[in-house]
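Chemist: A single structure is presented below for examination.
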Amino acid sequence: MLAARSAWWGDAEWPPHAQLVEVLMDQRSRIIDEVVFAAIKKRVRP
């Protein structure tokens, strides 16, 4: 989630697809940061 947040802010590259899917599968990440969770969801499922 931290790597995705950095990418969302433009400070880093997006993590690999497999890592983004892991974040989506862990519902705790949705609670932590709904905005980044939504951005990851859009990247994984265009």
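The values are calculated or read from the model by the stated rules, or taken from the named source; none is laboratory data. Since the model is a prediction, treat every value here as computed from it, not as a measurement. Only protein heavy atoms, including side chains, enter the accessible area calculation; ligands, DNA and RNA are left aside. Shrake-Rupley method; radii C 1.70, N 1.55, O 1.52, S 1.80 Å.
Chemist: Against the globular-protein guess of 2.2 N^0.38 Å, express the Cα radius of gyration of the chain as a ratio, rounded to two decimals.
Modeler: Details: Rg = 9.3 Å, N = 46, 2.2 N^0.38 = 9.4 Å.
Taking N as the residue count of the chain, the ratio is 0.99.
Chemist: Now for a different question. Below 8 Å between Cα atoms, with a sequence gap of 6+, how large is the relative contact order for the chain in percent? Walk me through the numbers before you get to the answer.
Modeler: On the way: 31 pairs, mean separation 16.1, N = 46.
Rounded, it is 35 percent for the chain.
Chemist: Continuing with this model, one more query. Per-residue accessible area for Leu20 at 1.4 Å probe radius, Å² rounded to 10?
Modeler: Using a 1.4 Å probe on the heavy atoms, I get roughly 10 Å².
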